């Protein structure tokens with residue numbers, strides 16, 4: 001999505017996203033996990049995957065890491081990157097490293113959650129990180145006191161596929177604003193030369 005300054009505004013999510021609506025959180029996680037697994041399987045060599053934090057992706061990582069999808073993935077070709085991380089020990093319950101490593105999971109594809117304030121990775125509303133276009137990694141502060149590091153817009157924008165995963169009624173209003181091109185929101189400033197896809201369960205779908 002684009003910068004909010006005058007003369008810099010761009011349309012939301014270029015190209016327009018493909019939106020998949022699922023009936024619940026488990027169906028959502030299963031569909032996203034299958035989509036990610038198919039993308040991995042279709043790439044013969046190295047596959048770079050940028051991992052998202054937050055609670056929404058956890059079940060997806062479990063499905064990919066435990067083999068419950070019924071597909072065999074070549075983990076040797078996977079290279080993992082973190083979209084953001086908190087400055088806490090790697091075994092801390094708030095560590096994204098711990099969350100991803102827990103199911104033994106392993107930037108062709110970047111899954112992103114959508115915060116209730118529209119933050120993605122650790123790019124929060126009103127922070128200087130939103131204007132960083134040179135460095136791909138920056139320090140930032142979120143809603144909790146501990147400092148964080150986060151990938152900046154150029155990183156997910158370079159991904160072949162950006163995958164938004166949105167679940168629950170609490171996300172409905174913010175998803176509606178993002179899809180309506182509200183460029184005051186961090187998520188709405190993202191733009192990509194690849195594919196943007198939104199997976200949402202029925203509860204999160206704007207009416």
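Checked against the criteria, residue 139 does not count as part of a loop (DSSP other than H, G, I, E, B) and either under 13 Å from the mean Cα position of the chain (by Cα) or modelled with pLDDT of 90 or more (or both).
Look at the stretch 102-122: where a residue is within 17 Å of residue 149 (Cα to Cα) and a partner is in a loop (DSSP other than H, G, I, E, B) and modelled with pLDDT of 90 or more, sitting 6+ places away or on another chain with Cβ atoms under 8 Å, you get 112/121; 115/124; 119/125; 120/114.
Condition check ((1) surrounded by fewer than 19 Cβ atoms within 10 Å (Cβ to Cβ); (2) touching a helix residue (DSSP H, G or I) at 6+ places or on another chain (Cβ under 6 Å)) across all residues:
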| site | (1), (2) |
| --- | --- |
| 53 | no, yes |
| 59 | no, yes |
| 62 | yes, no |
| 72 | yes, no |
| 75 | yes, no |
| 84 | no, no |
| 87 | yes, no |
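The set of residues in the stretch 114-129 that are surrounded by fewer than 21 Cβ atoms within 10 Å (Cβ to Cβ) and touching a strand residue (DSSP E or B) at 6+ places or on another chain (Cβ under 7 Å) comprises 124, 127.
Pairs meeting the criteria (first residue in the stretch 129-156 and within 18 Å of residue 93 (Cβ to Cβ), second residue modelled with pLDDT under 90 and assigned to a loop (DSSP other than H, G, I, E, B), beta carbons under 7 Å, at least 6 apart or on different chains) are 146/87; 146/88; 147/87; 148/87; 148/142. Taking the stretch 146-198 as the range and being at pLDDT 95 or above, part of a loop (DSSP other than H, G, I, E, B) and out of contact with any strand residue (DSSP E or B) (no Cβ under 9 Å at 6 or more places or on another chain) as the test, no residue passes.
The values are calculated or read from the model by the stated rules, or taken from the named source; none is laboratory data. Because the structure is predicted, anything quoted here is derived from the model rather than measured. Methodologically, a virtual Cβ is constructed for each residue, glycine included, from the backbone with ideal geometry; neighbour enumeration extends over all protein chains shown.
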